[in-house]
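**Q** One structure, as structure tokens, below. Some questions next.
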Amino acid sequence: MNQVKDILSAIGTAGKNEDGSYTRACYSPEYFDAVAVVEKKMKELGMKTRRDAAGNIHGFLPGSETGLKSIIIGSHLDTVPNGGLYDGAYGVAAGLELVRRLKEEGRTLRHPLEIYGFNAEESNPIGGTFGSRAVAGLVDPSQPGLADALKSYGHTLPEIMDLKRDFKNAKCYLELHIEQGDYLFNENLQIGVVSGIVGIVRYRVTAVGHSNHAGTTMMKNRRDAMVAMARLIDRADRCCREIDDTLVLTVGTIRCFPGSENVIPGKVECTFEMRHMDAGKTDELIAKIRQLAAEIDTVEFEIEKKIDKGSVRCDEHLMEVISQAAALEKTTHVVMPSGAGHDANPMAHCLPVGMIFVPSKDGLSHCK
């Protein structure tokens with residue numbers, strides 16, 4: 001474990017802030033500083049390395065038998081602004097430690113071993129899980145603003161589209177990650193065997209009313225977009241709680257126009273994000289939200305889908321193998337779904353995936 005901490009500390013020299021948090025935005029110099037640390041470590045361990053246009057770093061270690069498929073281990077090296085040391089980088093560090101242990105013990109796997117340090121897993125201008133989606137061939141070239149955003153990073157759409165990998169020579173994908181919740185920590189469990197990753201659906205919801213003078217427009221005559229949006233958010237929140245205990249709804253962004261203290265808001269834009277393993281539950285919620293919006297007659301609501309990342313199931317055999325290994329090592333564990341998105345999601349569209357969670361102290365994540 002100390003070796004993993006050493007590797008994490010080395011990665012953590014990249015993008016460390018004065019308050020002890022870390023900021024490594026996608027394609028940033030700080031992100032590529034972390035890539036350089038991982039690349040150097042891979043080479044020291046005898047791995048063949050390659051960087052790609054999506055910003056990913058890839059390491060390859062041959063197996064002892066020719067013709068066998070690769071075992072792939074991966075996670076991400078970027079962070080949210082002012083994030084923590086463990087989110088993403090922990091899984092990359094663990095893969096490097098595995099290779100180090102194999103070398104130290106003079107052992108060679110029969111299968112080739114690959115490690116990915118993915119770029120742009122966190123929310124960003126080109127869309128989350130971008131690095132892994134590029135490798136999986138799941139980048140949508142028609143995504144609004146993508147070409148311009150890539151150009152600002154010095155890359156083109158054709159470069160990214162060419163990164164789609166043929167996974168016929170790969171056996172499975174494994175990812176170790178902090179839970180980013182409090183279940184394992186509160187239950188004093190050592191690991192979680194991930195059963196699947198929830199679907200994430202985001203909508204842009206816009207309330208269009210009428211701007212007017214804040215002092216001279218009587219309350220009964222107002223078409224206040226902010227008030228209407230507040231009503232919709234409150235009702236949608238209550239509706240979400242009624243549909244299912246594990247369905248979640250978050251309104252994480254809000255923009256008010258014209259945004260003046262003495263002007264009634266004429267337009268308000270919000271992002272409504274919902275997550276669940278069953279797409280039927282998120283479909284039910286957005287249908288209810290549309291109905292609730294239609295009942296608010298002071299404004300017009302526009303609801304547009306922005307992102308739809310369907311849920312994925314982890315491989316049953318890999319879940320069983322992880323559970324058996326945990327039992328053999330007397331490691332306390334539980335089978336559980338992931339409420340957060342991960343690089344394992346796009347990879348699951350290409351090959352079997354398995355994930356292991358470790359506890360987040362106090363359930364905290366996305367913070368220093």
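The values are calculated or read from the model by the stated rules, or taken from the named source; none is laboratory data. Remember, it's a predicted structure, so these values are computed and weren't measured experimentally. Counting neighbours? That spans all protein chains shown, and the Cβs are built from the backbone with ideal geometry, glycine included. For the accessible areas, the whole protein counts, side chains as well, though only heavy atoms, and no ligand, DNA or RNA atoms are used. Shrake-Rupley method; radii C 1.70, N 1.55, O 1.52, S 1.80 Å.
**Q** Would you list which aspartates and glutamates come within 16 Å of K69, measuring only between C-alpha atoms, while excluding same-chain residues fewer than 8 positions from it?
**A** Straight-distance partners of K69: E114, D166.
**Q** Kirkwood Rh, Cα Rg: Rg to Rh for region 92-155?
**A** Values: Rg = 16.8 Å, Rh = 14.2 Å.
Taking Rg over the Kirkwood Rh, I get 1.18.
**Q** Along the positive direction of the dipole of the chain (beta-carbon charges: Lys, Arg +1; Asp, Glu -1; about the Cα centre), which of V248, H213, G127 reaches farthest?
**A** G127
**Q** So how much slack lies between K171 and K288, counting 0.36 nm per residue of separation and subtracting their Cα-Cα distance, in nm? Mind showing how you got there, number by number?
**A** Numbers: separation 117, 0.36 × 117 = 42.12 nm, distance 4.18 nm.
Contour length minus Cα-Cα distance gives 37.9 nm.
**Q** If R₀ is 56 angstrom, what is the calculated FRET efficiency for the pair S9 and T217, using the beta carbon separation as r and rounding to 0.05?
**A** Details: r = 59 Å, r/R0 = 1.05.
According to the calculation, E is roughly 0.45.
**Q** Suppose each label sits 7 Å from its Cα in the direction of the beta carbon; what would the S123-I296 distance come out to in nanometres?
**A** 1.9 nm
**Q** Next question, about the same structure. Compute the accessible area per residue over region 317-365, keeping the other protein chains in place, probe 1.4 Å, unit Å².
**A** 47 Å²
**Q** So which trypsin sites (Lys or Arg not before Pro) in region 62-122 end up in coil per DSSP with only 11 or fewer other C-beta atoms within 10 Å? Display every interim value, and only then the final one.
**A** Details: sites: K69, R100, R101, K103, R107, R110; in loops: K69, R107, R110.
Those satisfying the criteria are R107, R110.
**Q** Given a 1.4 Å probe, how much area per residue of region 275-315 is accessible, in Å²?
**A** Numbers: 2390 Å² over 41 residues.
Averaged over the residues of region 275-315, the accessible area is 58 Å².
**Q** Using R₀ = 22 Å, calculate the FRET efficiency as 1/(1 + (r/R₀)^6) where r is the Cβ-Cβ separation of D237 and Y183; round to 0.05. Each step should come with its number before you reach the end.
**A** Values: r = 22 Å, r/R0 = 1.00.
E(calc), rounded to 0.05, equals 0.50.
**Q** Starting with the highest mean, order 84-94, 235-245, 38-48, 252-262 by the number of other Cβ atoms within 10 Å, averaged over the residues of each peptide. Provide the component values of the computation, followed by the final result.
**A** Numbers: 84-94: 25.1, 235-245: 14.8, 38-48: 17.0, 252-262: 11.4.
Going from most to least packed, we get 84-94, 38-48, 235-245, 252-262.
**Q** Can you pull the percent of the chain's accessible area that's carbon plus sulfur, 1.4 Å probe, other chains left in place? Mind dumping the intermediate values first?
**A** Values: 9220 of 18210 Å².
So the carbon and sulfur contribution to the accessible surface is 51 percent.
**Q** Also: Compute the signed sum of charges (Lys and Arg +1, Asp and Glu -1) over the other residues within less than 15 Å, Cβ to Cβ, of E300.
**A** Details: positive: R204, R222, R223, R231, K267, R290; negative: D224, E269, E295, D297, E302, E304.
That works out to 0.
**Q** Students often forget the sequence filter, so: which aspartates and glutamates lie under 18 Å Cα-Cα from K220 once same-chain residues fewer than 8 apart are removed?
**A** Of all the aspartates and glutamates, those that pass the test against K220 - Cα under 18 Å, at least 8 places apart if same chain - are E295, D297, E300.
**Q** On a straight-distance basis, which aspartates and glutamates could pair with K309 in a cross-link, Cα separation under 18 angstrom, same-chain partners fewer than 8 positions away excluded?
**A** E121, E122, D140, E273, D278, D283, E284, D343
**Q** Assuming 0.692 mPa s and 37 °C, estimate D for region 284-328 with Stokes-Einstein, Rh taken as the Kirkwood radius over Cα pairs, in µm²/s.
**A** For the chosen part, D equals 224 µm²/s.
**Q** Quick check on region 144-247: take the gyration tensor over C-alpha atoms, sort the square-rooted eigenvalues as a ≥ b ≥ c, and tell me if it's rounded (a/c under 1.5), prolate or oblate.
**A** Oblate, because a/c is 1.5 or more while a/b does not exceed b/c.
**Q** Still on this structure, I have one more. My understanding is that a pair violates if its Cα-Cα distance is over 32 Å; which of K40/K306; K103/K171; K5/K151; K5/K281 do that in this structure? Please list the in-between numbers first.
**A** On the way: K40/K306 38 Å; K103/K171 22 Å; K5/K151 36 Å; K5/K281 40 Å.
In this structure, K40/K306; K5/K151; K5/K281 lie more than 32 Å apart at Cα.
**Q** I've got another one for you. If you average the alpha carbon positions of region 163-197 and of region 1-70, how far apart do those two centres end up, in angstrom?
**A** Region 163-197 and region 1-70 have Cα centres spaced 18 Å from each other.
**Q** OK, next. Distance in nm between label sites at E316 and N82, each 7 Å beyond Cα in the beta-carbon direction?
**A** Here the answer is 4.6 nm between the modelled labels.
**Q** Note down the nm distance, to one decimal, between modelled labels 7 Å out along Cα→Cβ at N262 and at K40.
**A** Those two pseudo-labels are separated by 5.9 nm.
**Q** When the helices in the chain are scored as -39500 (n - 2.57) per DSSP H run of 4 or longer and the sum is shared across all residues, what 222 nm value do you end up with, to the nearest 500 deg cm²/dmol? Mind dumping the intermediate values first?
**A** On the way: 11 runs with 118 residues, N = 368.
Counting only the DSSP helices, I get -9500 deg cm²/dmol.
**Q** Counting other Cβ atoms within 10 Å of each Cβ, which GluC sites (Glu not before Pro) in region 277-337 have at most 16 and sit in a DSSP loop? The partial results should precede the final answer.
**A** On the way: sites: E284, E295, E300, E302, E304, E316, E320, E329; in loops: E329.
Sparse-neighbourhood loop GluC sites (Glu not before Pro): E329.
**Q** Probe of 1.4 angstrom, ligands and nucleic acids ignored: what's the accessible area per residue over region 105-231, in square angstrom? Walk me through the numbers on the way to the answer.
**A** Working: 6070 Å² over 127 residues.
Accessible surface, normalised per residue, equals 48 Å².
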